[in-house]
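In what follows, a single structure is set out as structure tokens and then discussed.
The values are calculated or read from the model by the stated rules, or taken from the named source; none is laboratory data. In this text the structure is predicted, and so the values were computed from the model without any measurement. Methodologically, a virtual Cβ is constructed for each residue, glycine included, from the backbone with ideal geometry; neighbour enumeration extends over all protein chains shown. Please note that ligands, DNA and RNA were not included when accessible areas were found on the heavy atoms of the full protein model with its side chains. Shrake-Rupley method; radii C 1.70, N 1.55, O 1.52, S 1.80 Å.
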4 protein chains.
Amino acid sequence: MSGNGFGHLFRFTTFGESHGPAIGCVVDGVPARIPLTEADIQLYLDQRKPGQNRFTTQRREPDAVKILSGVFEGLTTGTSIGLLIENTDQRSKDYGEIKDTYRPGHADWVYQQKYGIRDYRGGGRSSARETAMRVAAGAIARKVLDALAPGLSIQGAMVQMGPHAIDRAAWDWAELSNNPFWCPDAKAAKAWEDYLDTIRKSGSSIGGVVEVVASGVPVGLGAPVYDKLDADLAHAMMSINAVKGVEIGDGFAAAALSGEENADEMRMGNDGCVKFLSNHAGGILGGISTGQDLVVRLAVKPTSSILTPKQSVDAKGNNVEVSTKGRHDPCVAIRAVPVAEAMMACTLADHLLRSLAQPRLP
Amino acid sequence: MSGNGFGHLFRFTTFGESHGPAIGCVVDGVPARIPLTEADIQLYLDQRKPGQNRFTTQRREPDAVKILSGVFEGLTTGTSIGLLIENTDQRSKDYGEIKDTYRPGHADWVYQQKYGIRDYRGGGRSSARETAMRVAAGAIARKVLDALAPGLSIQGAMVQMGPHAIDRAAWDWAELSNNPFWCPDAKAAKAWEDYLDTIRKSGSSIGGVVEVVASGVPVGLGAPVYDKLDADLAHAMMSINAVKGVEIGDGFAAAALSGEENADEMRMGNDGCVKFLSNHAGGILGGISTGQDLVVRLAVKPTSSILTPKQSVDAKGNNVEVSTKGRHDPCVAIRAVPVAEAMMACTLADHLLRSLAQPRLP
Amino acid sequence: MSGNGFGHLFRFTTFGESHGPAIGCVVDGVPARIPLTEADIQLYLDQRKPGQNRFTTQRREPDAVKILSGVFEGLTTGTSIGLLIENTDQRSKDYGEIKDTYRPGHADWVYQQKYGIRDYRGGGRSSARETAMRVAAGAIARKVLDALAPGLSIQGAMVQMGPHAIDRAAWDWAELSNNPFWCPDAKAAKAWEDYLDTIRKSGSSIGGVVEVVASGVPVGLGAPVYDKLDADLAHAMMSINAVKGVEIGDGFAAAALSGEENADEMRMGNDGCVKFLSNHAGGILGGISTGQDLVVRLAVKPTSSILTPKQSVDAKGNNVEVSTKGRHDPCVAIRAVPVAEAMMACTLADHLLRSLAQPRLP
Amino acid sequence: MSGNGFGHLFRFTTFGESHGPAIGCVVDGVPARIPLTEADIQLYLDQRKPGQNRFTTQRREPDAVKILSGVFEGLTTGTSIGLLIENTDQRSKDYGEIKDTYRPGHADWVYQQKYGIRDYRGGGRSSARETAMRVAAGAIARKVLDALAPGLSIQGAMVQMGPHAIDRAAWDWAELSNNPFWCPDAKAAKAWEDYLDTIRKSGSSIGGVVEVVASGVPVGLGAPVYDKLDADLAHAMMSINAVKGVEIGDGFAAAALSGEENADEMRMGNDGCVKFLSNHAGGILGGISTGQDLVVRLAVKPTSSILTPKQSVDAKGNNVEVSTKGRHDPCVAIRAVPVAEAMMACTLADHLLRSLAQPRLP
């Protein structure tokens, strides 16, 4: 109830602070006999890992995950899976000065107000370091999906950096591996590189928009009326650090449309299956998946860690100015991509298990 | 787990179909000795009630709520509160033709796929009629907030109809009672009236954007990291029928900002309290309320019930065309305003109780 | 979280006080397309109904249940099922004198201490009247079991009245319908009749032991390690009014046994299935059902409503004496039988759905 | 939902197998600013630790607990607390022979049936080794109780070994430290020593009964009607390995009493507080704590690991005979004492937080 877990039937519970000895989680509800190795998880952790290029924070950690339980001879056993990552590059001294000074836009002040204490080192529990465990849980969720919904795939991309959106007509998934931004538009990626270099060198930061698409989603996932699939996705995405908005399908643009423009018409296909002629709905109607691509976008704010001094207060009630000199991400939206994919995977795995728990009879 | 409830400590569970004998809910977790009458709930139900002007569906029901338990001699007793509203204007015949025909953009087809059966009359469980129970629960949540967080107030407004946004500089809460749109901008309201009349007469529909603001929210609500206050609000709002996007504070606009632009600086006030100089964050940092105004916006799609025939399929696998002739809402965003307020109230009441359950020691 | 619901995937939430306008519940998680009528539920409510003979309270209510939602044309729809029973025989005046006087052994005083208010009429929320909704939910759980685990049957019996236990060698299920005690031993039933008449006429009361047996339970139900099937059954049974003890299989007697005596040996049957040679374990090992008969016993205390004056206190802090003159049950264990059966059914339905949610892969 | 966690507001989730690299848990919901060190937890782990005398299994592990998160500079921070104990004395070879042979009375066969796979080494997840994490969580629960309900104390004792019960008139808490059985009756302890030596030397085992008493419990804990304090305690205790029965207060003996005999009369004390003249109820009425001593007893079956060969089956469907030669506990009830205390502490901490979440207004 104090908010450290996600999901109901596929559920994970995390612990750990940025500069404590380790972070970890327990993943619960995984069916038995699913193949799972540490390498399956490491693959996705490496995608999220910082310090891989000049556009992400230079904190360098191997983020080597250990499976402590729930897997035997390469297969899940149906029992809870314990995961652990030791923190190795903690450099506590970097953060000594924020002990008594609240960085504007960070969680420092509210944690102090709420709890009367906080592990201030590196942001403690509010650090994006926690998202490593989301990615680890997401890797396991993907294995569950592979086993129970073969053909389902999840891929995220960055579609806007600061004010610069991609050209959607140029979308090419193959481009993602050609740039450090998960950008599906080669031309935009090129422009972003220069743009972000300027931001980075000036010690500033910028926001972005991430889009996650799931294909091959079975029809019928979602638990109306309060755990609609879109409601749970909104919850999942908005729980990611720095996210300020979530939309499904046309999202906010749908507010400007007429019923005629927004209609996703249906036809019978030659294969006897229903086809939708468009996907304004983003793959969800009435809170239930339609089998179309599931399309979710999230707005990520710029990190508050910038070189320009900003007004703030300290623990003693003095007015102070704060600027951030150390390593940081100029555009945290980049690293939000694998995290958002992971949260999509966990949400779908949870709803897949939920759908099994309420079978329809013949 | 099948999705008919909302909240954890302040929790309500609803039941009922559009054209069944009644709808109802159980509200659980309400502290004892809070004054509560049916009139307290009816007040908000009347705000949501359809048929009050030409811009909402002409279904006419008194929506008279009965309290069946949990209140004794005008005070809550700490036990579960049962609420019931009988359905009186059911006109089942209106809907006979949709028994075997799936309306595009509605939940008809996915419910049939998921469950293999559905109460098709009036949309059954997927009908917006269910939102009456959200409003009823929200009224009780407000009483909880009145008792435990006096000074907290919640107010929603419509800030965009189709492509027409209000002028935010003209925002005047007092205008809400002067127009049928919960519009805080008198000039926009006037323009919307003509605009929506045209939509309505042509049998079309249009989307909109709703904004809900909570003032006087205590600092420290929210359960990081997965039940952040914004994550739970996103869940709450996205669970409302027809909502396709949710944003907090600057929301999607924040993606285009730099760290400098997005910073909410802090100063010590003369009263010894910290003041924020802006509110890009919408009252939430790190998933925890800052005490500033909580600002949430939701995108509402246009209803799919339109006069223009649209392509669809029927239960036998034939291609058909569907158009909706009966009563319907030309802009469902209007009636989403009291529902969104209710969901805000329930979310805050839940997190208020959660904060009591994890007190900080001296 | 305030305790008005039971179960996780098959879940019901109840409301209502003894002398309020109605009692009701919401049953959630029922798979779609299960046949269900009011008569299916009424059948079991009639078994629990008071006033059927001289050995149960003379309160007379038809206890006619209404299904308000979740069923369409005779089949469940997968949505939440609302149930309602109106209270008709309330006789509030009977209970006026207990407004300010706490009956020893009842929940009056603790409810007042916990909530600072209580609906004192007929015990309010703490009344055994609430168990009607358990029986109603149990009837739906049985339909779920019929559909998903055909062959599973649940039957309760009374095996001890006061100090008088049945002769287990004489156990005959067919005897249950021949006496008003659910007693499987004809001779014991005869003796109990005289015994309880004496108790009843003297205005006294007596305890009893109820045993519930489920046959045909699938192997593999139970969610170790904290939601073991026996742990959830213990929870279910101990939540019934007046129950003070729960045991599985040999229960407390097992504490006196050696490992040799307690061993349930296993042999391969001619049909290729494993057979157990005894059932000390009561059908559960390691928290998981073995497929043997599930055997649960519960100790029911005597009701505190007796004619003999007992020392107590009143709301003003005076010492008083309390005796109960009105209608009451001389042996509440009798009516606990259908309630315990219902709780067994609900627990098994819940775990059956849980087992579906965590399938083992090939 | 797969059963690896306990509690709602004070909640812990465990992972780990007997012979995996480590066991661990996440404790969630702990209020901030409670003093907590590893030594606070180690104190209770050492009480449970095997190998301390000849009456418990000779497995020797330091069971050294590490706090990985949620504590900063000696105080809890309100975030999730990660705990880890590395397994050091694993001796996998001891257990090789049970890979394909199901020990009667153990969970081997049902785990294999349920999951189609199991970590057979040392019982895997079903091993009593898991209870170390209960004790660790219980130690934290005690700190929560110390902070929020000062004066509350919890103490367990063994009151019956096999058929030999203690003399309750001789009860002396101080005796617990004078014998290896947590026995409060010096004479009984002496007799048990000889008795258990005989059992041990013959390679047999015996059951027992444990009683846990909590004093200084606040009035008003418990969430009727389904999460009654006794229902949650029954769940907690029955979830402990080898427990087959749970009773509160007089328990099964109450079934044989009359209403007159079972009555706990009340009087006003000179201090203006209500006094109970007896405690048949074991400190709970209507599911709510009365402030009297909370008295819970649990029946523990004899371990199935005995030297005498018993009939069983193997994985290939052959009939086999099984006997256990290695180290084991002749009376597992002994080590259940600190575990039962821990579960009592966790249940009370959970309900204490729940009571804070539903405050009664003036």
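Observations on the structure shown:
- Dipole size of chain A about its Cα centre, with +1 on Lys/Arg Cβ and -1 on Asp/Glu Cβ: approximately 1020 debye, rounded to the nearest 20.
- Using equal-weight Cα scatterers in the Debye expression, the normalised intensity of the stretch C:47-199 in log10 at q = 0.12, 0.15, 0.16 Å⁻¹ is -0.79, -1.10, -1.15.
- Only Lys, Arg (+1) and Asp, Glu (-1) charged, at Cβ; the protein assembly as shown dipole about Cα centre in debye: 0
- Selected from A:A188, A:G283, A:S202, residue furthest toward positive end of dipole (the stretch A:5-357; charges at beta carbon): A:S202
- The local environment of A:D172, defined by Cβ-Cβ distances under 15 Å, has a net charge of -1 under the rule Lys, Arg +1 and Asp, Glu -1.
- Environment charge at A:L277 (Cβ cut-off 12 Å; Lys +1, Arg +1, Asp -1, Glu -1): +1
- Amide H within-cut-off set for A:I288, under 5 Å, with H built and near neighbours excluded: A:L229
- Selected from D:S69, D:S204, D:S304 as most flexible by GNM, with chain D as the system and alpha-carbon contacts under 10 Å: D:S69
- A:T308-A:H164 pseudo-label distance in nm [points 7 Å out on the Cα-to-Cβ vector]: 1.9
- For the pair A:K99 and D:D293, a Förster radius of 51 Å applied to the C-beta separation gives a FRET efficiency near 0.65, rounded to the nearest 0.05.
- Counting Cβ atoms of other protein chains within 10 Å of each Cβ in D:308-315 and taking the mean gives 4.
- Computed FRET value (nearest 0.05) for D:K316 with C:D194, which takes r as the C-beta separation and R₀ as 56 Å: 0.45
- Per-residue shielding of D:100-109, expressed as the average number of other chain Cβ atoms within 10 Å of the residue Cβ, stands at 5.
- Distance between the C-alpha centres of the stretch B:59-84 and the stretch D:131-176: 44 Å, rounded to the whole angstrom.
- Degrees separating the helix C:333-357 axis from the principal Cα axis of chain C, which is the longest one: 40
- Projected onto planes of every orientation and averaged, the convex hull of the alpha-carbon atoms in the stretch B:314-362 covers 7.4 nm².
- Note on the stretch B:5-357: dipole from Cβ charges, positive end direction compared against B:V213, B:M237, B:Q112; the farthest Cα belongs to B:Q112.
- Solvent-free Debye scattering, log10 I(q)/I(0), computed from the Cα coordinates of the protein assembly as shown at q = 0.04, 0.07, 0.08 Å⁻¹: -0.23, -0.74, -0.98
- Carbon plus sulfur fraction of accessible area for the protein assembly as shown, probe 1.4 Å, in percent: 51
- Under the Debye formula (equal points on every Cα, no solvent term), log10 I(q)/I(0) of the stretch D:249-362 at q = 0.12, 0.18 Å⁻¹: -0.72, -1.08
- Average beta-carbon neighbours from other chains, 10 Å sphere, peptide A:282-293: 5
- Compared with the dominant Cα axis of chain A, that is its longest principal axis, helix A:131-148 is turned about 10°.
- Protein accessible surface hidden between C and A, which excludes ligands and nucleic acids, total in Å², probe 1.4 Å: 1500
- Shape call, the stretch A:5-357: gyration tensor on alpha carbons, a/c limit 1.5: oblate
- Note, ³J(HN,Hα) from phi for the stretch C:13-25, Karplus 6.51, -1.76, 1.60, rounded to Hz, x at Gly and Pro: 10, 10, 8, x, 10, 3, 10, x, x, 6, 10, x, 7
- Alpha-carbon centroid distance for the pair the stretch C:201-217 / the stretch C:264-304, whole angstrom: 20
- Projected over all directions and averaged, the alpha-carbon convex hull of the stretch B:199-254 occupies 5.7 nm².
- Kirkwood-Stokes translational diffusion coefficient of the stretch B:114-161, alpha-carbon pairs, 10 °C, 1.306 mPa s, µm²/s: 115
- Taken per residue, the accessible surface of the stretch C:5-357 reaches 30 Å², heavy atoms only and a 1.4 Å probe.
- Label sites at C:E73 and C:K275, each approximated as a point 7 angstrom past Cα along Cα to Cβ, lie 4.8 nm apart.
- In angstrom, the C-alpha Rg and Dmax of the stretch D:131-253 are 16.4, 49.
- Taking the longest Cα principal axis of chain C as reference, the axis of helix C:229-238 is set at about 10 degrees.
- The residues neighbouring C:A255, those whose beta-carbon lies less than 13 Å from its own, together hold a net charge of -2 under the Lys/Arg +1, Asp/Glu -1 convention.
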